[in-house]
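The structure under discussion appears below in the form of structure tokens.
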Amino acid sequence: MSILKVARMGHPVLRAKARPVEKAELRSAAFQKLVDDMLDTMDEYHGVGLAAPQVHEGLRLFVASIDQREDDDDKTPPPEPIAIINPEIIVVGTDVVEDWEGCLSIPDIRGRVPRAREIKVRALDRKGERIELHARNFPARVIQHETDHLDGVLFFDRMKSFESLTFLDEYARYWVKD
Ligand SMILES: [Zn+2]
């Protein structure tokens, strides 16, 4: 296992459009190691998602924790993070919700970003099998954020206003309500 270096905002790799992963390439040891290293890197930095361009690889691939449990009292363990390859997002309905996002490439900053509440995503898993996920709320947000990375889009680009941009300390001090 290796912890990969995460590109920070300003690195051109974060603004480039990533290319689709070929089926043959997907089965290679090098690709499978990249997926394992991305999972380790996401875990190391306590991320919920990490896209290949963030580790300097221009491939349409991200790893994410897609936790669909909506009930806070749900005692089932969270699912293992998964790899999503060549994703295509289909927005379901017209609901747009604004909520907080952060990004491992924009450390210690949070901002409020509008996203579609509900989506379907068609993709390949790390074995090359076709998958279709249906996600709402936070998991749908994570998938949209990570898929944006594959097109060189960062969450700042999606913000309606920069008024909510905040450093993490100030976020904890002034913005978190419970
Ligand atoms: Zn990000």
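Laboratory data are not the source of any read-out in this text; all were calculated from the coordinates shown. Note that the structure is a prediction, hence the values are computed from the model and not measured. Neighbour counts are summed over all protein chains in view; Cβ atoms, including those assigned to glycine, are modelled from backbone coordinates with ideal geometry.
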Requested in this report: Starting from the amide H of Ser164, placed 1.01 Å from N in the peptide plane, find each other amide H under 5 Å away whose residue is 5 or more places distant or on another chain.
Outcome: Arg112
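Are there GluC sites (Glu not before Pro) in segment 24-81 that DSSP puts in a loop and that have at most 12 other Cβ atoms within 10 Å, and which ones?
Numbers: sites: Glu25, Glu44, Glu57, Glu70; in loops: Glu57, Glu70.
Answer in residue order: Glu70.
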Report task. Taking a cut-off of 25 Å between Cα atoms, list the lysines near Lys160, but don't count ones fewer than 8 places away on the same chain. Result -> Lys17, Lys120, Lys177
Query raised in the report: Rounded to whole Å and sorted largest first, what semi-axes of the equivalent ellipsoid does the C-alpha gyration tensor of segment 11-86 yield via the square root of 5 times each eigenvalue?
Result: 25, 14, 11
Report summary line: Between Val92 and Ala29, the two model label points (7 Å from Cα along the beta-carbon direction) sit apart by a distance in nm of 4.1
Query raised in the report: Which net charge results for the neighbourhood of Lys17, defined as the other residues with beta-carbon distances under 15 angstrom from its beta-carbon, given Lys and Arg at +1 and Asp and Glu at -1?
Result: -3
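So, counting K/R as plus one and D/E as minus one, what does the shell of residues with Cβ under 15 Å around Asp40 add up to? Write out the running numbers ahead of the final one.
Working: positive: Lys5, Lys33, Arg126; negative: Asp36, Asp37, Asp43, Glu44, Glu57, Glu80.
Net charge in that neighbourhood comes out at -3.
Classify segment 67-108 as rounded, prolate or oblate, taking a ≥ b ≥ c as the square roots of the eigenvalues of its Cα gyration tensor: rounded when a/c is under 1.5, otherwise prolate if a/b is larger than b/c and oblate if not.
On the way: a/c = 1.26, a/b = 1.15, b/c = 1.10.
Taking the square roots of the gyration eigenvalues as a ≥ b ≥ c, segment 67-108 is rounded.
Assuming 0.36 nm per residue, please report the length gained on full extension of the stretch Leu168 to Asp108 beyond their Cα-Cα distance. Present the calculation step by step, with values, prior to reporting the outcome.
Numbers: separation 60, 0.36 × 60 = 21.60 nm, distance 0.50 nm.
Answer, rounded to one decimal: 21.1 nm.
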Query - In segment 1-65, chymotrypsin sites (Phe, Trp or Tyr not before Pro) in a DSSP loop with at most 16 other beta-carbon atoms within 10 Å - result: Tyr45
Report summary line: In degrees, nearest 10, the alpha-carbon axis of helix 29-44 is tilted away from the dominant principal axis of the alpha carbons of the chain by 20
Query raised in the report: Once the Cα atoms of helix 137-149 and of the chain are each reduced to a long axis, what angle between those two axes, in degrees from 0 to 90 to the nearest 10, is obtained?
Result: 60
